[in-house]
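Here the structure comes first, spelled out in C-alpha cells, and everything after it is commentary.
The values are calculated or read from the model by the stated rules, or taken from the named source; none is laboratory data. Quantities reported herein were computed from a predicted structural model and do not represent experimental measurements. Here the Cβ positions follow ideal geometry from the backbone for every residue, glycine too, while neighbour counts run over all protein chains shown.
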Amino acid sequence: MTVFFVSLFLPYTIDFKATELRQARRQSSNGNLQEGDRVVGRLAESRRKRHFKSTSLSLTPGAATDFEKIFKSYASRSAGEIPYTDDPKGPGPNEPRSVSWGQSRKFNQPRSTATVHPKPSILSRPGTGGEDKVQSFLDGTKERPDSKEEQGSPSALLSDVDWVVKAAEQGNGGLRNAVNAAEEAGLLPNKLWVGTLGMPTGLLKDETRASIAEILEDQFESLTVFVGDNEFEGHYSHFCRSVLWPAFHYQMQETPRHTEYDDYSWGQYMKVNEKFANIIAAHWRPGDSIWIHDYHLLLLPSLLREKLPHAEIGFFMHAAFPSSEVFRCLNARNALLNGLLGADLIGFQIEEYCHHFLQTCSRLLSLEVTFDGVQLDRRFVHVKNFPLGIDLKGLNELRQATEVKDWVTNISERYEGKRLIVARDRLDAPGGIKQKLLAYELFLKRYPKWREKVVLVQVASSASELPDLETEVSKIAMRVNSSYSTLTYQPLVFLRQDISYSQFLALMSVADVFMVTSLREGMNLTSHDYLHCQDGKLTNQRHGSLILSEFAGSASIFSGHELLVNPWDYKQCTDAINKALEMSSERKQRNWEFLLAKKAPYTAVAWFKSFCKALKAAHKAQLSREPSQVSALSVNTLKSSYNTSSLRLFLLEDGGTINSHKLATKESVSLFEDLLHDPKNLVYVTSKKSPEQLEPLIEKLPNRVGYIAENGCFKREIGSSKWETLVDLDKIKDWRNGIRKVIEYFQARTEGSWMEERRCLLTFWYNNAHDPETAARQASELADQISGSRGSEAIRVVLTKGAVSVEPSDVTKATAAESIINALPKTPDFLFVAGGARGDEALFRWANSQDAKNIPHVTTLTVGSHATEAKSVLPSDMTIANIVHTLILPG
C-alpha cells in the first residue's frame with residue numbers, strides 16, 4: 001500500500017545553473033552592469049534590487065545600538081542549512097519562509113510568465129464591456145498592456161540541462177516532520193509526495209519537465225504537478241492568499257472585489273485542483289491511501305471521489321476554520337464545502353474548528369450533521385480533530401548542532417543582564433505583530449522598573465503583503481525605541497526578515513519569555529518547540545514563560561494555563577508580561593511542567609498514527625455502507641438459518657417494511673398471523689410514532705405482537721396492553737418547552753410549515769411549504785440554532801428532507817431492542833431486523849454486533865437505496881410478505 005501525501009508544494013524544488021552570457025559582460029565607467037547583462041531567473045539583478053530590503057539586514061526603526069547586527073538575515077545563511085520549523089502557519093512548517101511566487105532568495109529559477117490578473121476595481125464589472133478582456137486573461141491568450149514592463153526582457157537563459165534537486169523553502173514543514181518521524185518509526189513503508197515545485201515552470205521545455213518528473217518520482221518519491229504560471233498565480237497568490245487565507249483567519253476583505261476579479265482567481269483555483277486530481281488518478285492503485293492537506297486543495301476530495309469512487313481519501317486542514325457567519329461570505333462557499341465532502345475523513349487541528357465546519361455544513365448546505373460527521377444521501381463523512389505535534393527527536397538533533405550552541409553563547413553575551421522576550425510571526429494581519437508591539441509599548445509605560453532591563457526580539461518571518469500594516473508597525477517600533485532607548489539600551493529589536501533556524505533555536509533557548517499574540521492561528525507549534533528549548537540542556541536558564549494567544553489552536557491544548565491572553569486586550573497582555581518576568585523559579589517550573597504534560601500526547605508520530613487509524617476505520621465503514629456494496633438478501637440462506645433456529649426475534653419497521661397506515665388491513669394481519677403461527681417466533685413493530693398514534697392502528701392486530709414507539713422511548717411487550725417508558729420524562733420536560741418555542745418561531749416565518757409534537761419527539765415539517773428554497777434555509781437555521789444552544793442536553797437533531805426532528809439522544813430503537821432481549825428467559829439464536837428509516841441505522845448497527853453475543857444468525861435488511869449499516873438490501877422484486885411466506889413454507 002502506498003500513501004499519497006498531497007499538498008500544494010513538494011518538499012523539493014529545482015536549482016538551475018545560469019548559462020554563459022550571450023555577450024561579454026560590459027561594465028560602465030562607474031562599474032555598473034550594462035542593460036543587457038542581467039542573468040535571468042530569481043537571482044536576476046532587477047529582482048535583487050527590487051527585493052534588497054527583504055534579503056539584507058534592515059535595522060529596527062529608531063535603533064539606538066548595533067546589537068541587532070549579530071543576527072544574520074535568512075538570505076545569508078549557509079547554503080547547506082535546511083530550514084526546520086514546526087509552526088504550521090506563520091513562522092514555520094506550512095510555508096516556513098512564505099517566499100512569494102517568483103521571489104526565491106536562494107535558487108536560480110525561471111521567471112514567471114504569468115500575465116497580470118484583472119485589477120479589483122468596481123469600475124470594471126460585467127456589463128461594462130470588460131467581459132471579453134477577462135476571458136482572455138483566464139485563457140492566458142492576452143497580456144495586459146503593462147505586463148511586459150513588469151516582467152522585463154533579460155538576455156540570458158537558465159540551463160535546461162544543468163540542474164539539481166534541492167530541499168524546498170516553501171511547504172508544510174509540520175507535515176514533513178510527521179512523515180519523516182513515521183518513516184523512522186517504521187509506520188510508513190511506501191509513500192509518494194504530490195505537489196508543485198514551488199517555482200514558475202512556464203519557460204521549461206517539455207523534455208526538461210519530463211526529466212525533472214522522472215528523477216523526482218524515481219529518486220525522491222514525488223509526483224510533480226506542473227501547472228501554468230497564470231494558473232498558479234491566480235490560484236495561490238490571488239484566491240488562496242487574498243481570499244481564503246484572510247477569511248479562514250477572520251480577516252475578510254474590506255475593499256470590494258468585483259466579479260471579474262473573483263472569476264479569474266476562482267477559475268485558476270479550479271484548474272489547479274483538477275490537475276492534481278488527474279495526476280493522482282493516473283498513479284493510484286487499489287489499496288492506496290490519499291491524504292490531502294490544507295486549504296489550497298479544498299476541491300480535490302470530490303474531484304478524486306468522482307474519478308476513484310472506492311479510494312481511501314482523507315483531508316487534513318492545517319489552518320483554522322472560521323465560523324459559519326464568516327465562511328458564508330465567500331462566493332464559492334457551497335462548491336468549497338462540497339469539495340471537502342468527497343473525503344472519507346476530514347481532520348482539523350482542534351474541536352472548535354470541527355464544530356465550525358459541521359455548523360457550516362448544516363446552515364449553508366442544509367445537511368444533517370452529528371457530533372462526529374456529516375450525513376449525505378449516500379455517504380457519511382467523518383469529522384474529527386487531530387492536533388498536530390512536533391517531532392521531538394528531530395528537534396533535539398538540531399539543537400545539538402555546533403552552530404546553535406555558538407549562537408546561544410553569542411546572544412547570551414550580547415544581551416547579558418537583560419531579560420529577553422522573543423517572538424516570531426508572519427507580518428500580516430492574523431499574525432498579531434501590531435497588537436504585540438502596542439502591548440509592549442504599554443508595558444514599558446506602565447512598568448518603568450523594567451526599562452533598560454527587558455528587550456523584545458520580534459522576528460517577522462515574511463515581507464508584508466499589506467504595505468499599510470508594515471508602515472504602521474514600523475511607526476510603532478520607531479516610537480518605542482525613540483521613547484525608551486538610551487546610548488546602550490534598545491528595548492525593541494524588530495527583524496524585518498527571517499533568520500536562520502539555528503539562530504531561532506538559540507533565541508528560544510535563552511529567552512525568558514516567548515510571546516505569541518496571533519489573532520487567529522491553526523495551531524502554532526513554535527510554542528511547543530519553545531517548551532523543549534527551556535529544558536536547560538543548552539543554557540543554565542530553565543523554564544521560561546509562555547504567553548499564548550487564546551486564539552491560537554494550541555490554546556485549546558494548554559487550557560488552564562495562567563498566561564493565556566486576548567491579544568486585543570493590551571492591558572491584559574501588559575500584565576501578563578510583568579507577571580511572567582516577576583514569577584518565581586518554582587512557579588515557572590510548575591507552569592513548564594504543566595504545559596509539557598498537556599502537550600505530551602500530541603507528537604508528530606501520534607498525529608500520524610491517529611489520523612491513519614481513523615481514516616482506515618472511516619473508509620471501511622463507508623465501504624460497508626455504500627449501496628453498491630450492500631448485497632441483496634439471500635432468501636435461501638435466510639431460510640436455512642430460520643429452519644435451524646430454536647428462538648427467533650423479528651423487528652419490523654412500520655414505514656419501510658410495513659405500511660404504517662395499513663397495519664390493521666387484511667394483508668398486514670395475515671403477515672403477522674403467518675409469522676406467529678410458529679411459537680418460536682417473537683415479533684415487534686418498531687415505529688417513530690407515539691403510543692397514542694399507534695393505538696388506533698393496532699387494535700385489530702394479534703395480541704402476540706410487541707411494539708417500540710417514538711424511536712425507542714416506549715415499548716409494549718408481547719401480550720401486554722400497557723406501554724413502558726424507557727426515557728426520563730422529567731428530563732424531556734426540561735428541554736422540550738424551550739425547543740418548542742424555537743420551532744414555533746421558525747414555523748411562524750415559514751408559510752406552509754407545521755409542528756408535530758409527540759411525548760418525546762418534536763418535528764418541524766416543511767415538506768409542503770409554499771417556498772421550498774426558503775423553507776430549506778429556515779430548516780438549516782433551525783437545526784443549527786438548536787444544536788448550538790442545547791448545551792449539555794441529551795438531545796439529537798435530525799435534519800432530513802422535509803423535516804427537522806428533535807429527539808432524546810440517550811434512547812434509540814437499539815436501546816429498546818436491547819431491553820427486550822435482556823428480558824427474555826432465553827437469548828434468541830435468530831435475529832431479523834428490517835427497516836428503511838434514518839432511526840433504523842442505530843438498530844442495524846446494534847444488531848450487527850449481536851453475532852458476537854451468542855446470536856449466530858443475524859440478518860439486517862434495508863429497504864431502498866441509501867447509505868446504510870444494514871448488511872443486505874431488499875431485492876426489487878420482493879416484499880417482506882414474500883420473504884415471510886418463503887420462510888414459513890415447509891422444507
Review point. Pick from Ala823, Ala816, Ala842, Ala834: which is modelled with pLDDT under 90 and hydrophobic (A, V, I, L, M, F, W, C)?
Key: Ala842
Check your understanding: Could you give every pair whose Cβ atoms fall below 8 Å, whose first residue belongs to region 666-695 and is over 21 Å from Ile883 (Cα atoms), and whose second residue is part of a helix (DSSP H, G or I) and of a type in the set (Ser, Thr, Tyr), counting only separations of at least 6 or pairs across chains?
Key -> Lys689/Ser660
Study note, to complete from the structure: Pairs returned, first residue in region 530-553 that is in the same structural domain as Lys436 (by TED's automatic domain parsing), second residue that is aromatic (Phe, Trp, Tyr), beta-carbon separation under 7 angstrom, 6 or more apart or interchain, are Tyr530/Phe514; Leu531/Trp592; Gln534/Trp592; His543/Trp592; Gly544/Phe514; Leu546/Phe514; Leu546/Tyr530; Leu548/Phe558
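Restricted to region 818-852, and to residues that are of a type in the set (D, E, K, R) and not in a loop (DSSP other than H, G, I, E, B), which residue is surrounded by the most Cβ atoms within 10 Å (Cβ to Cβ)?
Filtering region 818-852 down to residues of a type in the set (D, E, K, R) leaves 818, 826, 829, 838, 840-841, 845, 851.
If we keep only those that are not in a loop (DSSP other than H, G, I, E, B) too, we end up with 818, 840-841, 845, 851.
Details: Glu818: 15, Asp840: 31, Glu841: 23, Arg845: 16, Asp851: 12.
The qualifying residue surrounded by the most Cβ atoms within 10 Å (Cβ to Cβ) is Asp840.
Output the residues belonging to region 685-702 that are within 25 Å of Lys826 (Cβ to Cβ) and surrounded by fewer than 22 Cβ atoms within 10 Å (Cβ to Cβ).
Of region 685-702, the ones within 25 Å of Lys826 (Cβ to Cβ) are 685-686, 701-702.
Residues satisfying the conditions are Leu701, Pro702.
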Check your understanding: Looking only at region 559-583, which residues are hydroxyl-bearing (Ser, Thr, Tyr) and either at pLDDT below 95 or under 25 Å from the mean Cα position of the chain (by Cα) (or both)?
Key -> Ser559
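Condition check ((1) touching a residue at least 40 places away in the same chain (Cβ under 8 Å); (2) surrounded by fewer than 19 Cβ atoms within 10 Å (Cβ to Cβ)) across all residues:
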residue	(1), (2)
Trp163	yes, no
Asn177	yes, no
Gly186	no, yes
Glu207	yes, yes
Ser211	no, yes
Practice item. Hey, can you tell me all the residues within region 669-717 that are basic (Lys, Arg), touching a Leu at 6+ places or on another chain (Cβ under 7 Å) and more than 29 Å from Pro808 (Cα to Cα)? Key: Lys680
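What about Val635, is it aliphatic (A, V, I, L, M), touching a helix residue (DSSP H, G or I) at 6+ places or on another chain (Cβ under 8 Å) and either in the same structural domain as Leu437 (by TED's automatic domain parsing) or under 27 Å from Val863 (Cβ atoms) (or both)? If you could, list the steps in order and put the result at the bottom.
Details: aliphatic (A, V, I, L, M): yes; touching a helix residue (DSSP H, G or I) at 6+ places or on another chain (Cβ under 8 Å): yes; either in the same structural domain as Leu437 (by TED's automatic domain parsing) or under 27 Å from Val863 (Cβ atoms) (or both): yes.
Answer is yes for this residue.
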Exercise for review: Return the total of residues in region 179-211 being outside any loop (DSSP other than H, G, I, E, B) and either touching a Gly at 6+ places or on another chain (Cβ under 8 Å) or of a type in the set (Ser, Thr, Tyr) (or both).
Suggested key: 6
Review point. Given the conditions (1) surrounded by 24 or more Cβ atoms within 10 Å (Cβ to Cβ); (2) within 22 Å of Trp607 (Cβ to Cβ); (3) touching a helix residue (DSSP H, G or I) at 6+ places or on another chain (Cβ under 8 Å), which single one is not true for Thr360?
Key: (2)
Practice item. Output the residue which, of all residues in region 294-312 that are touching a residue at least 60 places away in the same chain (Cβ under 8 Å) and within 19 Å of Met270 (Cα to Cα), is nearest to the chain's Cα centre (by Cα). Key: Asp294
Review point. Is at least one residue of region 611-620 of a type outside the set (A, V, I, L, M, F, W, C), crowded, with 19+ Cβ neighbours inside 10 Å, touching a residue at least 40 places away in the same chain (Cβ under 8 Å) and under 25 Å from Glu352 (Cα atoms)?
Key: yes
Study note, to complete from the structure: Heads up, the strands (runs of 3 or more DSSP E) in region 341-426 (entirely inside) with at least 1 residues that are more than 21 Å from Arg305 (Cβ to Cβ) and in contact with a Pro (Cβ under 7 Å, 6 or more places away or on another chain) are 419-425
Review point. In region 534-603, which helices (runs of 4 or more DSSP H) lie fully inside it and hold 3 or more residues that are surrounded by fewer than 19 Cβ atoms within 10 Å (Cβ to Cβ)?
Key: 570-582, 585-599
Check your understanding: Across region 457-484, what is the number of residues that are buried (at least 18 other Cβ atoms within 10 Å of the Cβ), in contact (Cβ under 8 Å) with a residue 40 or more places away in the chain and either touching a Gly at 6+ places or on another chain (Cβ under 8 Å) or part of a strand (DSSP E or B) (or both)?
Key -> 6
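Within region 290-311, is there a residue that is on the phi > 0 side of the Ramachandran plot, out of contact with any helix residue (DSSP H, G or I) (no Cβ under 8 Å at 6 or more places or on another chain) and surrounded by fewer than 20 Cβ atoms within 10 Å (Cβ to Cβ)?
Initial filter on region 290-311 (on the phi > 0 side of the Ramachandran plot): 294.
Of the ones still in play, those that are also out of contact with any helix residue (DSSP H, G or I) (no Cβ under 8 Å at 6 or more places or on another chain) are 294.
If we keep only those that are surrounded by fewer than 20 Cβ atoms within 10 Å (Cβ to Cβ) too, we end up with none.
Among the residues of region 290-311, not one is on the phi > 0 side of the Ramachandran plot, out of contact with any helix residue (DSSP H, G or I) (no Cβ under 8 Å at 6 or more places or on another chain) and surrounded by fewer than 20 Cβ atoms within 10 Å (Cβ to Cβ), which makes the answer no.
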**Study point:** Which numbered condition Glu368 misses (of (1) among the acidic types (Asp, Glu); (2) buried (at least 20 other Cβ atoms within 10 Å of the Cβ); (3) at pLDDT below 95; (4) under 26 Å from Phe4 (Cα atoms))
**Key:** (4)
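Report yes if Ser720 is of a type in the set (S, T, N, Q), closer than 28 Å to Pro828 by Cβ and part of a loop (DSSP other than H, G, I, E, B), otherwise no. First the steps, then the outcome.
Details: of a type in the set (S, T, N, Q): yes; closer than 28 Å to Pro828 by Cβ: yes; part of a loop (DSSP other than H, G, I, E, B): yes.
The answer is yes for Ser720.
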Review point. Which of (1) touching a Ser or Thr at 6+ places or on another chain (Cβ under 8 Å); (2) more than 20 Å from Asn882 (Cα to Cα) does Ile698 not meet, given it meets every other one?
Key: (1)
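Consider region 703-717. How many of its residues are surrounded by 15 or more Cβ atoms within 10 Å (Cβ to Cβ) and not in a strand (DSSP E or B)?
Pass one, region 703-717, residues surrounded by 15 or more Cβ atoms within 10 Å (Cβ to Cβ): 704-717.
Okay, now just the ones that are also not in a strand (DSSP E or B), so 704, 710-713, 717.
Summing the residues that are surrounded by 15 or more Cβ atoms within 10 Å (Cβ to Cβ) and not in a strand (DSSP E or B) in region 703-717 gives 6.
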Study note, to complete from the structure: Of those in region 832-856 that are over 32 Å from the mean Cα position of the chain (by Cα) and among the charged types (D, E, K, R), the residue nearest to Ala870 (Cα to Cα) is Asp851
Practice item. Check Arg419, Arg496, Arg426 and return the single one that is basic (Lys, Arg), modelled with pLDDT of 95 or more and in contact with a helix residue (DSSP H, G or I) (Cβ under 9 Å, 6 or more places away or on another chain). Key: Arg419
